[in-house]
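See structure below.
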Amino acid sequence: MGVLSELEPKQVFRYFEEIAEIPHGSGNVDRISDYLVSFAKERKLFCVQDELKNVIIVKEATPGYETEPPVILQGHMDMVAVKKPGCDIDMRTEGLRLAVDGDRIYAEGTSLGGDDGIAVAYSLALLDADTIGHPRLEVIITVDEEVGMDGARGINLSMLKGNRMVNLDSEEEGIFLTSCAGGARVKCHVPLETEQFGGLAYEVTVGGLLGGHSGGEIHKERGNANCLFGRLLQRLGERLPVRLAELAGGLADNAIPRETVGILVIEEKDSESFAALLDTVEKEIQAELSVRDPGVCIRARKVERAVLDCVTVRDTARAADFLWGVPNGVQAMSADMPGLVETSLNLGILKYEEGMLLAEFSVRSSVESAKHALIGKLQGVTELVGGTVEVTGDYPGWQFRRESPLRDKMTAVYEEMYGTKPRVEAIHAGLECGILGSKIPDLDCVSIGPDMKDIHTTEETLSISSTRRVWEYLVKLLERKDRG
């Protein structure tokens with residue numbers, strides 16, 4: 001018996017648990033994609049699996065709904081796969097260990113993948129149901145949304161008949177999202193000169209941070225471990241000859257990094273000054289982030305004395321200046337929608353390997369020109385320190401539609417069920433709706449979902465009661481006829 005087998009709605013949680021048993025981190029989607037194809041074949045549903053492993057499943061209208069407008073249901077099959085230090089799960093080969101705490105579902109030691117496993121579970125439960133009246137259902141499940149929306153970019157949707165789409169990739173019940181920012185991934189490469197050097201080596205960790213989604217939580221101004229490590233490196237370099245030997249921080253460009261670890265090498269005579277500077281910088285950062293990120297800390301562990309391949313003192317300082325100088329976080333707020341972030345960026349991945357520093361950013365903006373201006377700023381700063389920039393995954397924003405029959409219908413059903421209006425909002429995070437809108441003529445789209453917290457982190461949770469309510473809402477929405 002599964003961990004979720006007694007939860008309602010049973011079919012939704014059954015499929016969510018089956019999905020959780022299959023490794024499906026971004027870039028590792030073959031098994032989950034094949035699972036979806038098998039599901040469709042077992043039920044004799046029309047199914048397409050493309051070379052990218054995107055899957056489209058179609059279920060024809062039930063009797064009495066043949067003349068209703070088709071409805072597209074859309075989500076993505078990949079998840080941000082992160083785990084806690086010391087967790088023994090191999091997320092490329094093993095499933096998740098689900099657990100329940102009151103109204104919350106979580107995964108022990110790892111992220112949960114509610115984003116966007118719940119969309120897949122909802123869709124499969126609807127496709128499998130034989131007692132729910134509905135129009136033609138066209139289900140789109142894309143790959144690798146979390147690492148650039150490559151699946152949405154490459155999918156062929158010419159076989160679809162509908163232009164009304166319910167995107168199921170939102171994390172707050174009662175909010176209807178109707179537009180989102182565009183974005184891009186920017187990789188900055190900075191070559192660094194190396195040398196052999198023997199000295200005291202310390203493993204230094206900047207950690208204890210809350211992290212979060214760089215679209216949905218960037219406005220909370222939480223600490224970014226990669227940026228804080230750059231700040232620490234810059235401060236150390238002002239006082240001591242410091243050499244960088246190793247560096248790694250962050251797991252995804254669109255996740256605010258919680259921990260960055262580096263190996264720093266100093267001269268033996270500087271050990272006391274080194275320890276004092278770490279303590280000083282830690283206290284400064286803790287004071288600054290005492291409310292926004294109260295758990296931040298800097299830890300240092302002495303490594304065995306040895307001769308290491310290190311970045312030279314001069315180029316370690318150059319790397320620190322680069323990390324200190326690049327922008328990060330909120331860059332502009334929207335003038336049209338108070339409280340909405342217009343433009344931001346997140347230094348999500350930081351690595352040093354074999355003479356090359358890699359800094360990978362997620363850039364977002366609801367204003368296309370502002371997005372490209374920010375990319376240009378990153379390029380300028382990188383070139384000043386002798387580096388180069390690579391831009392990938394550039395995707396358009398999703399523009400608000402003033403006339404929306406789907407939004408009107410969804411609002412009416414919501415009011416009837418709950419006696420209050422839903423909140424209609426825009427979001428700074430990226431959704432696939434903009435890309436898919438370029439492939440579906442006159443796309444009318446709304447994004448919804450159940451309550452989730454701390455997505456893209458090991459503290460991610462999914463609300464059981466909210467999942468049930470959103471399911472009941474989806475059923476009512478599909479059963480409501482436009483005609484007759």
*Looking at region 24-36, is at least one residue buried (at least 19 other Cβ atoms within 10 Å of the Cβ), of a type in the set (Val, Ile, Thr) and touching an Asp or Glu at 6+ places or on another chain (Cβ under 7 Å)?*
yes
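So that you can scan it fast, the table gives a plain yes or no per residue for (1) outside any strand (DSSP E or B); (2) on the phi > 0 side of the Ramachandran plot; (3) crowded, with 17+ Cβ neighbours inside 10 Å:
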{"residue": "LEU323", "(1), (2), (3)": "yes, no, yes"}
{"residue": "GLN331", "(1), (2), (3)": "no, no, yes"}
{"residue": "PRO338", "(1), (2), (3)": "yes, no, no"}
{"residue": "GLU342", "(1), (2), (3)": "no, no, yes"}
{"residue": "LEU345", "(1), (2), (3)": "no, no, yes"}
{"residue": "LEU357", "(1), (2), (3)": "no, no, yes"}
{"residue": "SER362", "(1), (2), (3)": "no, no, yes"}
_Being among the polar types (S, T, N, Q), at pLDDT below 95 and open to solvent by less than 10 Å² (accessible area, probe 1.4 Å) is true for just one of THR142, THR178. Which residue is that?_
THR178
*Name the pairs whose Cβ atoms lie under 8 Å apart, with the first residue in region 287-312 and surrounded by 15 or more Cβ atoms within 10 Å (Cβ to Cβ) and of a type in the set (A, V, I, L, M), the second at pLDDT below 95 and outside any strand (DSSP E or B), and 6 or more positions between them or separate chains?*
none
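From the list GLU42, GLU8, GLU66, GLU60, exactly one residue is open to solvent by 30 Å² or more (accessible area, probe 1.4 Å), closer than 28 Å to ARG104 by Cβ and among the acidic types (Asp, Glu). Which is it?
On the way: GLU42 fails: closer than 28 Å to ARG104 by Cβ; GLU66 fails: closer than 28 Å to ARG104 by Cβ; GLU60 fails: closer than 28 Å to ARG104 by Cβ.
The conditions single out GLU8.
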*Selection status of ALA275, open to solvent by 30 Å² or more (accessible area, probe 1.4 Å) and either hydroxyl-bearing (Ser, Thr, Tyr) or assigned to a helix (DSSP H, G or I) (or both)*: yes
*Check VAL71, VAL55 and return the single one that is among the β-branched types (Val, Ile, Thr), in contact with a Pro (Cβ under 9 Å, 6 or more places away or on another chain) and buried (at least 17 other Cβ atoms within 10 Å of the Cβ).*
VAL71
*The one condition in (1) open to solvent by less than 80 Å² (accessible area, probe 1.4 Å); (2) more than 22 Å from GLU432 (Cα to Cα); (3) touching a Lys or Arg at 6+ places or on another chain (Cβ under 8 Å) that CYS87 fails to fulfil*: (3)
*Residue satisfying condition, being under 25 Å from PRO135 (Cβ atoms) and touching a Lys or Arg at 6+ places or on another chain (Cβ under 7 Å), within set ALA40, ALA61*: ALA61
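The values are calculated or read from the model by the stated rules, or taken from the named source; none is laboratory data. Just so we're clear, the structure is a prediction, and the values are computed from it rather than from any experiment. No Cβ is skipped: glycine too gets one built from the backbone with ideal geometry, and neighbour counts run over all protein chains shown. Please note that ligands, DNA and RNA were not included when accessible areas were found on the heavy atoms of the full protein model with its side chains. Shrake-Rupley method; radii C 1.70, N 1.55, O 1.52, S 1.80 Å.
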